[in-house]
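One structure below.
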Amino acid sequence: MSKFITLSNVSKIFNPGTPLEVDALQDIDLVLDRGEFVVLSGPSGSGKTTLLNLMGGLDRASGGTIRIDGKEITALHEDALCDERRDNIGFIFQAYNLIPVFSAKENIEYVMKLQGRDQPSCDRRVTEVAKKLGIEKLLHKLPSNLSGGQQQRVAVARAVASKPKLILADEPTANLDSVSAGELMDMMEKLNREENITIIFSSHDPMVIGKAKRSVVLKDGKVIKNETVS
Amino acid sequence: MMTKVLALLLLCSPLLAQSAQEIIQKVEDNLRGESAQMELSMIVHTSRGKRTMKMQSYSVGDEKSFIKILYPLKDRGITFLKIDDTMWQYVPRIERIIKIPASMMLQSWMGSDFSNDDLVKESSIAEDYRQKLLASDAESYTLELLPKEQAAVVWGRLQMRVSKKYFLPTEVKYYDEKGTLIRILSYKEVKKLGDRFYPTYWVMLPQTEEKKGRKTEVIVKDATFNEAIDPAYFTKRALKRFSR
Amino acid sequence: MFKLIFKSALASLLRRKLRTALVITMIAMSLWGLLLMQGIYDGMVQQMIGNAVRSDSSQLSIFAKGFRAQPDVKLQLQKQQEIKNFLAHHPNVKSHISRILSRGLIATARYNRNALIYGIDPGAEITHASLNRYVVEGAFDFGDKRRGALLGYKLAKKLKISPGDKVVLSAQSMDQQIASVALRVKGVLRTNNLSIDESGVFMHKQRAKAMLGLENAHQIAVMVHDYSRVATLQTQLRTKFPGVKSYTWEQLYPALQQSRELMELFNSISYAIVFCTAAIGIFGVVLVSVLERLREFGVLRAIGTRFGVIAAMIFAESFLIGVAGFAAGSLLGGATLEYFAAFGLDLRSFSDALGEFGIDAVTYAMIKPEYFTTSFVAVFAATFLSVLIPLRILRKSKPVEVINE
C-alpha cells in the first residue's frame with residue numbers, strides 16, 4: 001500500500017494574537033496508507049475534530065503541510081480546495097446534515113451531480129450504494145421522515161456515492177442508539193473493504209474504537225499514540 | 001237684418017278700438033317727442049339706505065341722448081352719450097371716456113334698478129315686440145307685448161297698461177319666459193310739462209327674491225319738448241365738453 | 001449543473017411554501033398596485049388632455065397674429081380659404097374646422113354672465129372631434145333656423161336655465177357696435193374643460209358671422225395623423241402664411257402640460273415608494289431565509305459545492321420568486337387595467353370635486369407595454385438587490401463554524 005496521507009509538522013492556532021488564542025494542534029506528524037480504517041480518539045478538546053477538518057480541507061493549518069494522494073492541499077486556493085473535497089473526500093457528520101429539501105436519493109446523488117455525471121449513471125450508483133446500506137426502500141423519503149439511524153445511513157451513502165478516496169467521519173455514531181451504531185460501523189467496515197476507501201473517523205465510543213484497524217490517540221493537540229490494531 | 005248689422009260692423013271696424021300698434025306709437029310719441037330736454041332726480045333705495053341723484057338729459061327721438069349728472073358732488077360731471085345702440089360714459093375724476101361694453105350693458109345704470117341696456121333699448125318696443133290688445137276698460141288699455149322671434153330681449157312677455165285719457169303708460173310688468181314677474185315699472189302723477197302731459201313720477205320695483213327691498217324712483221322736475229337742441233351734444237367730444 | 005441549481009432552488013422554495021407564497025404575494029400585490037396607479041393616472045391625464053384638445057384647441061390651433069394676446073373680434077384669419085386648402089391637401093392633417101371666437105355677455109331675465117362665444121359648424125365638429133359626445137342635456141343641434149345655443153353646464157346652472165329657455169347674447173361687432181341676438185338653449189355640454197363649462201356658449205357659425213359682421217373665422221383647429229411631426233406642419237404654416245400663428249395644445253394649455261408633468265412626477269414617486277416597500281419586504285424574507293440555512297449551505301460547501309454555485313442557487317430562488325411574482329402581478333394588474341380600460345373607473349360620486357380639476361368622473365385606464373417592461377425590470381432589480389446582503393453574510397461565514405453544533 002502507498003503513502004496516502006502525509007501530515008508534516010502540522011499545527012493549528014485559533015484566534016492568533018488575541019487574548020482568545022488557542023493552540024489546538026501542535027507539531028502533528030502522521031502518515032497513513034491507502035485503504036486504512038483509522039480512528040482518532042482522545043478526550044474532548046484534544047483536537048480530533050480540528051485534525052479531521054484540516055485533513056478535509058475545511059480549515060487551514062497554521063503551519064506545516066498536508067498531502068493527500070500526493071497533492072499538497074495546504075497550498076490550494078479556496079475553489080480548488082472545494083473541488084478537491086467534491087471529487088476526493090466524503091464527509092459524515094455527527095448531526096447527519098442531510099439537505100432537508102432533497103429526498104434521500106437526491107441527497108445521495110448530490111455530489112455526483114456536482115461532478116457533472118449524467119442521471120443514468122447516478123441512478124445506478126445510488127441503487128448500488130443504497131443496497132449496501134439497506135436503504136433501498138427509503139430513497140424517496142425526505143430526511144424529516146427518517147429515523148436517526150436511517151438518516152445517518154443516507155449520509156454515509158451520500159459520502160460514499162461519489163467514490164471518494166477518503167472519508168472523514170466526525171463522531172458518526174454519537175447520536176445513534178447502540179444497535180444502529182453497530183450496524184453503521186459494520187457497513188462502514190464493509191465499504192472500507194469492498195471499495196478500498198480510506199476511512200478516518202473520530203470517536204470516543206469504545207465499540208467504535210474497537211472496530212478500527214489503526215488507532216491514533218490525541219491529547220492536548222499532540223499525537224501521543226499511533227498504532228495498528230489487528 | 002243680419003246682413004245690415006254685419007255691414008255696419010264692417011264699416012265701423014276701422015273706427016273701433018285703436019289697434020295695439022297705434023296705441024304703442026302714440027305712447028312712444030308722447031314719451032319722447034321729436035326732441036326732449038329734462039331735469040330729473042333719481043332715488044335708489046337699497047337695503048343699506050337711499051341715494052339721490054340729480055341729472056339733466058337731452059334727447060333726439062330715440063336714437064340719441066345725452067345725460068349729465070348734477071348731484072351728488074362726487075358724481076357731478078359724469079356724462080353719458082347714447083347713439084343708437086352704443087353708449088359711452090365719461091368720468092371726470094379719472095378723466096376717461098369708457099365705451100360701455102356688452103358686459104356692462106346689463107349692469108345697473110348708476111346703481112339703480114334700470115340697466116344700461118334699459119336706457120338704450122327702451123326705444124325698441126315697436127321693433128322688438130308684437131303688440132296685442134288684451135283688454136280695454138273705461139280708463140285704460142291693457143296690452144300684451146310678446147318679443148318677436150329674432151328680438152334680442154330677455155323678457156318672455158311684457159304687459160303694459162296705457163291710460164286712455166293721456167295715451168301714457170301707467171304700468172309695465174316684465175315677465176321672464178317662464179311667466180315669473182321680474183319687475184314692475186309704474187308711471188304716475190301725470191302733469192302738464194311744456195306742450196304735453198307727462199308722467200312725472202316713475203317707480204321701478206324689482207319682484208325677485210334676490211332684489212327684494214330695492215326700488216328706484218325717478219322724478220321728472222322739468223321738461224321741454226320739441227325744441228331744437230344743439231347737435232354738438234351728440235358727439236363724443238360732448239362727453240368731456242359738457243361735463244363741467 | 002444548471003438543472004441542479006434550479007432543482008435545488010425550486011425544492012427550497014416548495015419546502016417553505018408559506019414563506020414563498022408570502023413573498024410572491026407581496027411582489028404580485030405591489031405590482032398590481034403599481035400597474036393600476038400607472039394605468040389610471042395615465043388615463044386620467046390622457047382624458048384631461050383629450051378633453052381640452054377635443055373641445056377647444058384640437059392638436060393644433062391657428063389664429064391671426066396677435067389674437068392670442070388680445071382677442072379682438074377684428075382679428076379674423078386672413079387668407080382663410082387658402083389655409084383651408086393647404087390643410088386639406090396636407091398628408092399629416094386628419095381634419096380641420098374653423099370657429100368664430102368672441103367674448104360677450106349672456107343674459108336671461110334674471111341673470112347675466114360673461115360668456116365665451118364659439119361660433120361653430122355642428123356637423124363639422126362632430127366629424128372633427130366628436131364635440132357632441134359632451135352633451136349631457138338636450139341635443140347637439142342649433143335647430144333649423146340656426147337660433148339654437150349650447151351652454152357649458154356650470155354656466156347653465158348659474159343662469160338657472162335648461163334646454164328650451166331663451167337667452168340673449170351680446171358682443172361687440174366688427175363696426176364697434178354692440179350686437180345682440182336672442183337664442184334658444186338646445187343643449188348643455190359638460191366637457192370638463194373648465195373655461196368652456198363655466199362660460200362657454202356655442203352658436204351656429206353663420207349666425208355668429210351675421211351677428212358680428214364677420215367674413216372669416218378667428219380659429220382653425222387641426223387634428224393630425226402623426227403628432228410627432230406636428231412641428232413640421234407648424235414650420236410650413238409659418239413660412240406660407242406669415243400673418244397667422246399656430247399653436248400646439250401644449251402651447252395653448254401650458255397648465256395642462258404642467259399637470260401632466262406633475263402627475264408623472266407624482267407617479268414616479270409613488271412608484272418608487274411602492275418599489276422600495278416591496279424590495280424591503282422581499283429583502284427581509286430572503287435574509288431570514290438565507291440566515292436560517294447557513295448551516296445547510298455550510299454543509300453543501302463542505303461536501304464540495306463552490307461558493308459560486310451556492311450563490312447561483314440563491315439567485316435562482318430569488319429569480320423564481322421574481323418570475324412568479326411578476327407573472328401573478330402582471331396577470332392581476334393587466335386584467336384589472338383591461339377592465340378599467342373597457343368600463344372605466346366610476347368616480348361619479350366625486351364628480352363635483354373632480355370637475356373642479358377638469359377630471360372626468362369616469363376614468364378609462366391606459367395600458368402601455370412599457371408598464372410591463374418597466375415593472376419587469378423593477379421586480380428583478382428588487383429580487384436581485386435583496387439577495388446581495390444575504391450573500392455577503394454567507395460569504396463571510398465559514399463552513400466549519402456553521403456546521404458544528
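The values are calculated or read from the model by the stated rules, or taken from the named source; none is laboratory data. Model, not experiment: these values are computed from the prediction. Every residue, glycine as well, gets a Cβ built from its backbone with ideal geometry; the counts of neighbours run over all protein chains shown. All accessible areas refer to the heavy atoms of the entire protein, side chains included, with ligands and DNA or RNA removed. Shrake-Rupley method; radii C 1.70, N 1.55, O 1.52, S 1.80 Å.
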**Asked** Right, residue C:184: among the basic types (Lys, Arg) and within 14 Å of chain B (Cβ to nearest Cβ) or not?
**Response** yes
**Complete:** Picked from region C:233-253 (must be of a type in the set (Ser, Thr, Tyr) and in a helix (DSSP H, G or I)), the residue farthest from residue C:195 (Cα to Cα) is C:239
**Prompt:** Does residue B:46 satisfy the criteria of being within 13 Å of another protein chain (Cβ to nearest Cβ) and either under 30 Å from residue C:106 (Cα atoms) or touching a Gly at 6+ places or on another chain (Cβ under 9 Å) (or both)?
**Reply:** no
**Message:** Given the criterion among the hydrophobic types (A, V, I, L, M, F, W, C) and either within 11 Å of another protein chain (Cβ to nearest Cβ) or in contact with a His (Cβ under 8 Å, 6 or more places away or on another chain) (or both), identify the matching residue among C:22, C:34, C:18, C:10.
**Reply:** C:10
**Prompt:** In region A:104-121, which residues are in a helix (DSSP H, G or I), within 11 Å of another protein chain (Cβ to nearest Cβ) and in contact (Cβ under 8 Å) with a residue 12 or more places away in the chain?
**Reply:** A:107, A:109, A:110, A:111, A:112, A:114
**Prompt:** How about region C:318-353: which of its residues are among the acidic types (Asp, Glu) and either in contact with a strand residue (DSSP E or B) (Cβ under 7 Å, 6 or more places away or on another chain) or buried (at least 22 other Cβ atoms within 10 Å of the Cβ) (or both)?
**Reply:** C:346
**Residue that is most open to solvent (accessible area, probe 1.4 Å) [pool: residues in region A:49-70 that are farther than 12 Å from residue A:166 by Cβ and within 12 Å of another protein chain (Cβ to nearest Cβ)]** = A:60
**Request:** Scan region A:73-93 and give yes if some residue there is open to solvent by less than 10 Å² (accessible area, probe 1.4 Å), of a type in the set (S, T, N, Q) and modelled with pLDDT under 90, otherwise no.
**Result:** no
**Prompt:** With respect to residue C:160, is the statement that it is on the phi > 0 side of the Ramachandran plot and within 14 Å of chain B (Cβ to nearest Cβ) true?
**Reply:** yes
**Item:** Which listed residue is closer than 19 Å to residue C:12 by Cβ, open to solvent by 50 Å² or more (accessible area, probe 1.4 Å) and either of a type outside the set (D, E, K, R) or modelled with pLDDT under 85 (or both), from C:315, C:307
**Value:** C:315
**Request:** Identify the residue in region C:21-74 that is open to solvent by less than 20 Å² (accessible area, probe 1.4 Å) and over 30 Å from the mean Cα position of the chain (by Cα) and, among all such residues, is nearest to residue C:256 (Cα to Cα).
**Result:** C:64
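So that you can scan it fast, the table gives a plain yes or no per residue for (1) part of a helix (DSSP H, G or I); (2) among the hydroxyl-bearing types (Ser, Thr, Tyr); (3) open to solvent by 40 Å² or more (accessible area, probe 1.4 Å):
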{"site": "B:42", "(1), (2), (3)": "no, no, no"}
{"site": "B:45", "(1), (2), (3)": "no, no, yes"}
{"site": "B:65", "(1), (2), (3)": "no, yes, no"}
{"site": "B:87", "(1), (2), (3)": "no, no, no"}
{"site": "B:124", "(1), (2), (3)": "yes, yes, no"}
**Asked** Any idea which of (1) modelled with pLDDT under 85; (2) within 30 Å of residue C:50 (Cβ to Cβ) is the one residue C:282 doesn't satisfy?
**Response** (2)
**Asked** Is there any pair with a first residue in region B:140-156 that is more than 12 Å from every other protein chain (Cβ to nearest Cβ) and a second that is modelled with pLDDT under 85 and open to solvent by 20 Å² or more (accessible area, probe 1.4 Å) whose Cβ atoms are under 8 Å apart and which are 6 or more apart or on different chains, and what are they?
**Response** B:141/B:18; B:145/B:125
**Asked** Is it the case that some residue within region B:195-202 is farther than 19 Å from residue B:126 by Cβ, within 13 Å of chain C (Cβ to nearest Cβ), part of a strand (DSSP E or B) and open to solvent by 20 Å² or more (accessible area, probe 1.4 Å)?
**Response** no
**Test: residue C:370 is in a helix (DSSP H, G or I), buried (at least 16 other Cβ atoms within 10 Å of the Cβ), free of Cβ contacts under 8 Å to residues at least 24 places away in the same chain and on the phi < 0 side of the Ramachandran plot** = no
**Request:** Could you tell me which residue of region A:184-193 is farthest from residue A:133 (Cα to Cα), considering only residues that are open to solvent by 50 Å² or more (accessible area, probe 1.4 Å) and free of Cβ contacts under 8 Å to residues at least 40 places away in the same chain?
**Result:** A:193
**Fill in**
Among the residues of region B:89-103, the number that are within 14 Å of another protein chain (Cβ to nearest Cβ), aliphatic (A, V, I, L, M) and not in a strand (DSSP E or B) is 2
**Asked** Can you name the residue in region B:177-194 that is closer than 20 Å to residue B:133 by Cα and surrounded by fewer than 20 Cβ atoms within 10 Å (Cβ to Cβ) and is also farthest from the other protein chains (Cβ to nearest Cβ) among such residues?
**Response** B:186
**Asked** Which one is nearest to residue B:208 (Cα to Cα) among residues in region B:40-66 that are within 15 Å of the chain's Cα centre (by Cα) and charged (D, E, K, R)?
**Response** B:62
**Asked** Is there any pair linking a residue in region C:15-41 that is under 18 Å from residue C:290 (Cβ atoms) to one that is open to solvent by 50 Å² or more (accessible area, probe 1.4 Å), with Cβ under 8 Å and at least six apart or on different chains, and which?
**Response** C:20/C:14
**Asked** For the subset of region C:152-174 comprising residues that are in a strand (DSSP E or B) and without any contact (Cβ under 8 Å) to a residue 60 or more places away in the chain, which member is nearest to the chain's Cα centre (by Cα)?
**Response** C:152
